[in-house]
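Peer 1: Pasting in a structure now, in structure tokens, and then I'll have a few things to ask.
The values are calculated or read from the model by the stated rules, or taken from the named source; none is laboratory data. Remember, predicted model here, so these are calculated numbers, not experimental data. Note that each Cβ is placed from the backbone with ideal geometry, even for glycine, and that neighbours are counted across all protein chains shown.
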DNA sequence: TTGTATGCGTTATCAT
DNA sequence: ATGATAACGCATACAA
């Protein structure tokens, strides 16, 4: 690899001059500029980011910490972050936390050791010292904490909508699937749903789950229909679980949505392609990723950011696992 | 952030000594070691990886370039890579190439600028200078090139198996969905399938597609049944497309697998949860990711690697979009 | 067993 | 308009 010294020698100038043309800083004569540029081209020189990073005490790297890229919701987020970062010449160091505090901490530490200029994290413990003591900007994604920069959607509201739509479509023996205890958005959704159900005085059953894993989802779906065979409406903790429930319902010969209605959460790309296609509470994952990246960049560049916590809309996305409600007027 | 100098001062020793205890290199008296360790703890010191990287001209970073993390096959790969790398204290700089050469080149360049010690890439142009001229190890993942380190599965064989199983289950009006022209594994699968079909003298139709995107998949599925309504067997280019085909077939009132059989490719996690669940040619994505990471690490550590190109098995994974074949014996 | 000094490739300050 | 040089934080060769 050619260094700035090689270029300087090759062009017959000093390293300072080369640095000036690279960074377009300070004066440099047109002729020498051209000489330097030629040298750069001939030697295929590209600046060493590590040396830059060391000197400036900041890099063009950001850290992205997501729970599990294997859950189809997160690739959308990640892609949004990446596209926005890429467009602004930032690169991403990526890690999966598995919602595990130790992993989380370890990753944040190595992010810092690598001089990242900011981090985007999807964590259930935003108030932990791991984040509070960081002296680089952090944006929480798909999670939030009072007054800290974050991009998320209102899980509670989503849960409420799900319950309302379920009720207005006639289900009365509702089972709510409660997502993992330690995952914040999962609890919000659950709370929102049971708020509405309780208010309306509707009895409901609950299935407690402990992960979003594909393999376990099927187990919970089975458990659901074994324990509560007369269920006529399922509010799932996310689309993966909803998909498993749909699968199990059909396997048991139930008609969806006639016998059982199902509402999922997230709107992962595959939801449309299920049969019947999945009604769900949509979060605009890709846009959330982009927004988080964009917010982080503003923070990094020290711009005055007026709106540090961005709440994205959750939207009821009606498809075919729920019945049509009659139109009035 | 505390530096090695701060630690040295705080412990009343020189930076060299601190460095020795950190790296467990050279002699250091038990007492001074303890002093240093205490200082490290008290100052919450962690070594600056950037400075290390600059001095040693190598980091603990590797570059991972995947086509599109939004395609459910790739998160599995990525996760495999990440887990193995994480276990060996390497971190990942991640990028999506969109199978686009310019993006690919740009990413590889910034990888190099950041002193990565190796890269894992899923590219259709492994013979490009971008890779040939790299002086760090590269492992190709889900792709291969003669004699270069790679982890992949035999797409052609997969295509053959798909066609054979389709035939042995009685389909005779087969439509093969041909994946994007510029994606190598897609072409391999296609070739494998038509090899068998041609050999057996079976006529078949082809639907040409240009991406693996979720949104377009539905379009091709529609096109398929419009152009070739009498199709009784579909060999899809991957599971996403297969899912769209299944969806469309059911929408048209066809019975699957009685009227139409469908075989996908990849075995993405959702395949099991479709109804009917998807028969597919499985690639062990997670294991491929781990294997690639493991291979790269060996290459980085300069070990003698006997088997540089690892071919993983493709396996016919029979589920419910194909008919059962009778058991003999 | 420990310390001093040098260099990794940049950028920026200060001369010239 | 250009060049010499210090400094970023660390690891190592060499000296002590």
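Peer 1: So the check is Cβ under 8 Å with 6+ separation or different chains; which pairs have a first residue in region A:105-119 that's outside the structural domain of residue A:131 (by TED's automatic domain parsing) and a second one that's in a helix (DSSP H, G or I)?
Peer 2: Once the first residue is outside the structural domain of residue A:131 (by TED's automatic domain parsing) and sits in region A:105-119, no partner that is in a helix (DSSP H, G or I) comes close enough.
Peer 1: Scanning region A:14-26 for residues that are modelled with pLDDT of 95 or more and near DNA strand D (Cβ under 7 Å from one of its atoms), which turns out surrounded by the fewest Cβ atoms within 10 Å (Cβ to Cβ)?
Peer 2: Going through the qualifying residues, I end up with A:16.
Peer 1: May I ask you to verify whether residue A:78 is more than 16 Å from DNA strand C (Cβ to nearest atom) and farther than 30 Å from residue A:186 by Cβ?
Peer 2: Answer is no for this residue.
Peer 1: Residue by residue through region A:51-75, note down the ones that are facing another protein chain (nearest Cβ under 7 Å) and in a helix (DSSP H, G or I).
Peer 2: Correct list: A:51, A:53, A:54, A:75.
Peer 1: Take the conditions outside the structural domain of residue A:101 (by TED's automatic domain parsing), under 30 Å from residue A:63 (Cβ atoms) and in contact (Cβ under 8 Å) with a residue 24 or more places away in the chain and apply them to residue A:193. Does it pass? Break it down stepwise before answering.
Peer 2: Numbers: outside the structural domain of residue A:101 (by TED's automatic domain parsing): yes; under 30 Å from residue A:63 (Cβ atoms): no; in contact (Cβ under 8 Å) with a residue 24 or more places away in the chain: yes.
Spelling it out, it is not the case that residue A:193 is outside the structural domain of residue A:101 (by TED's automatic domain parsing), under 30 Å from residue A:63 (Cβ atoms) and in contact (Cβ under 8 Å) with a residue 24 or more places away in the chain.
Matching residues to (1) surrounded by fewer than 21 Cβ atoms within 10 Å (Cβ to Cβ); (2) modelled with pLDDT under 95; (3) over 16 Å from the mean Cα position of the chain (by Cα):
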position	(1), (2), (3)
B:224	no, no, yes
B:234	no, no, yes
B:251	yes, no, yes
B:265	no, no, no
B:314	no, no, no
B:325	yes, yes, yes
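Peer 1: What is the number of the single condition among (1) within 12 Å of chain A (Cβ to nearest Cβ); (2) part of a loop (DSSP other than H, G, I, E, B); (3) in contact with a strand residue (DSSP E or B) (Cβ under 7 Å, 6 or more places away or on another chain) that residue B:98 does not meet?
Peer 2: Status for residue B:98: all satisfied but (3).
Conditions (1) within 14 Å of chain B (Cβ to nearest Cβ); (2) in a helix (DSSP H, G or I); (3) out of contact with any helix residue (DSSP H, G or I) (no Cβ under 7 Å at 6 or more places or on another chain), marked per residue:
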| site | (1), (2), (3) |
| --- | --- |
| A:216 | yes, yes, yes |
| A:222 | yes, yes, no |
| A:291 | no, yes, yes |
| A:295 | no, yes, yes |
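Peer 1: What single numbered condition from (1) at pLDDT 95 or above; (2) part of a loop (DSSP other than H, G, I, E, B); (3) in the same structural domain as residue B:69 (by TED's automatic domain parsing) fails to hold for residue B:278?
Peer 2: (3)
Rundown of residues vs (1) closer than 29 Å to residue A:213 by Cα; (2) surrounded by fewer than 22 Cβ atoms within 10 Å (Cβ to Cβ); (3) over 12 Å from the mean Cα position of the chain (by Cα), yes/no style:
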| residue | (1), (2), (3) |
| --- | --- |
| B:66 | yes, no, no |
| B:76 | yes, no, no |
| B:102 | no, yes, yes |
| B:114 | no, no, yes |
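Peer 1: Scan region B:175-194 residue by residue and report those that are in contact with a helix residue (DSSP H, G or I) (Cβ under 7 Å, 6 or more places away or on another chain) and not in a loop (DSSP other than H, G, I, E, B).
Peer 2: Residues satisfying the conditions are B:175, B:176, B:177, B:178, B:185, B:188, B:189, B:190, B:191, B:192, B:193.
Peer 1: Does region A:73-90 contain any residue that is modelled with pLDDT of 95 or more and farther than 24 Å from residue B:63 by Cβ?
Peer 2: Here is the first cut: in region A:73-90, the ones modelled with pLDDT of 95 or more are A:73-90.
Add one more test, that the residue is farther than 24 Å from residue B:63 by Cβ, and what stays is A:73.
Yes, some residue in region A:73-90 is modelled with pLDDT of 95 or more and farther than 24 Å from residue B:63 by Cβ.
Peer 1: Out of A:146, A:135, A:127, report the one residue that is modelled with pLDDT under 95, assigned to a loop (DSSP other than H, G, I, E, B), on the phi < 0 side of the Ramachandran plot and at the interface with chain B (Cβ under 10 Å from one of its Cβ atoms).
Peer 2: Values: A:146 fails: at the interface with chain B (Cβ under 10 Å from one of its Cβ atoms); A:127 fails: at the interface with chain B (Cβ under 10 Å from one of its Cβ atoms).
Residue meeting the stated conditions: A:135.
Peer 1: Restricting the search to region B:1-13, which residues are assigned to a loop (DSSP other than H, G, I, E, B) and either more than 6 Å from DNA strand D (Cβ to nearest atom) or exposed (fewer than 11 other Cβ atoms within 10 Å of the Cβ) (or both)?
Peer 2: Taking region B:1-13 first, the residues assigned to a loop (DSSP other than H, G, I, E, B) are B:1-3, B:12-13.
Of everything in region B:1-13, those that are assigned to a loop (DSSP other than H, G, I, E, B) and either more than 6 Å from DNA strand D (Cβ to nearest atom) or exposed (fewer than 11 other Cβ atoms within 10 Å of the Cβ) (or both) turn out to be B:1, B:2, B:12, B:13.
Peer 1: Kindly establish whether residue A:273 is over 17 Å from residue A:186 (Cβ atoms), touching a strand residue (DSSP E or B) at 6+ places or on another chain (Cβ under 6 Å), facing chain B (nearest Cβ under 9 Å) and crowded, with 17+ Cβ neighbours inside 10 Å.
Peer 2: no
Peer 1: Separate question: What are the residue pairs meeting all of these: first residue in region A:2-29, first residue within 14 Å of chain B (Cβ to nearest Cβ), second residue part of a helix (DSSP H, G or I) and within 9 Å of DNA strand C (Cβ to nearest atom), Cβ atoms under 7 Å, and 6 or more apart or on different chains?
Peer 2: Hits for this filter: A:4/A:15; A:4/A:18; A:4/A:19.
Peer 1: Mind counting the residues in region A:8-43 that are within 19 Å of residue A:56 (Cβ to Cβ) and in contact with a helix residue (DSSP H, G or I) (Cβ under 7 Å, 6 or more places away or on another chain)?
Peer 2: Total meeting the criteria: 5.
Peer 1: Right, something else. Scanning for something farther than 21 Å from residue A:54 by Cα and either crowded, with 16+ Cβ neighbours inside 10 Å or within 11 Å of DNA strand D (Cβ to nearest atom) (or both), does region B:50-62 turn up at least one residue? Before the answer, list the steps.
Peer 2: We begin by selecting, within region B:50-62, every residue farther than 21 Å from residue A:54 by Cα; these are none.
Within region B:50-62, none of the residues are farther than 21 Å from residue A:54 by Cα and either crowded, with 16+ Cβ neighbours inside 10 Å or within 11 Å of DNA strand D (Cβ to nearest atom) (or both).
Peer 1: Moving on. Farther than 29 Å from residue A:113 by Cβ and either away from DNA strand D (no atom under 11 Å from the Cβ) or over 17 Å from the mean Cα position of the chain (by Cα) (or both): is that true of residue A:87 in this structure?
Peer 2: On the way: farther than 29 Å from residue A:113 by Cβ: no; either away from DNA strand D (no atom under 11 Å from the Cβ) or over 17 Å from the mean Cα position of the chain (by Cα) (or both): yes.
Taking the combined requirement at face value, the residue does not satisfy it.
Peer 1: Which residues, taken from region B:18-34, are assigned to a helix (DSSP H, G or I) and more than 19 Å from residue B:44 (Cβ to Cβ)? Don't jump to the end; show me each part of the working.
Peer 2: So the first thing to find is which residues in region B:18-34 are assigned to a helix (DSSP H, G or I), and the list is B:18-23, B:30-34.
The answer is B:20, B:30, B:31, B:32.
Peer 1: Which of the residues spanning region B:101-120 are touching a strand residue (DSSP E or B) at 6+ places or on another chain (Cβ under 9 Å) and over 18 Å from residue B:59 (Cα atoms)?
Peer 2: B:103, B:104, B:106
Peer 1: Still on this model: State whether one or more residues within region B:297-309 are in the same structural domain as residue B:82 (by TED's automatic domain parsing) and in a strand (DSSP E or B). First the steps, then the outcome.
Peer 2: Of all residues in region B:297-309, those in the same structural domain as residue B:82 (by TED's automatic domain parsing) come to B:297-309.
Pick out the ones that are also in a strand (DSSP E or B) and you get B:309.
Taking every residue of region B:297-309 in turn, at least one turns out to be in the same structural domain as residue B:82 (by TED's automatic domain parsing) and in a strand (DSSP E or B).
Peer 1: Got a number for residues in region A:155-174 being closer than 13 Å to residue A:318 by Cβ and in contact with a helix residue (DSSP H, G or I) (Cβ under 7 Å, 6 or more places away or on another chain)? If you could, list the steps in order and put the result at the bottom.
Peer 2: Going residue by residue through region A:155-174, those that are closer than 13 Å to residue A:318 by Cβ are A:161-162, A:164-166, A:168-169.
Now narrow it down to the ones that are in contact with a helix residue (DSSP H, G or I) (Cβ under 7 Å, 6 or more places away or on another chain): A:162, A:164.
Final tally of qualifying residues: 2.
Peer 1: Let me ask something else about it. Before we move on, is residue A:86 without any contact (Cβ under 8 Å) to a residue 24 or more places away in the chain, more than 10 Å from DNA strand C (Cβ to nearest atom) and within 24 Å of residue B:46 (Cβ to Cβ)? First the steps, then the outcome.
Peer 2: On the way: without any contact (Cβ under 8 Å) to a residue 24 or more places away in the chain: yes; more than 10 Å from DNA strand C (Cβ to nearest atom): yes; within 24 Å of residue B:46 (Cβ to Cβ): no.
No, not satisfied.
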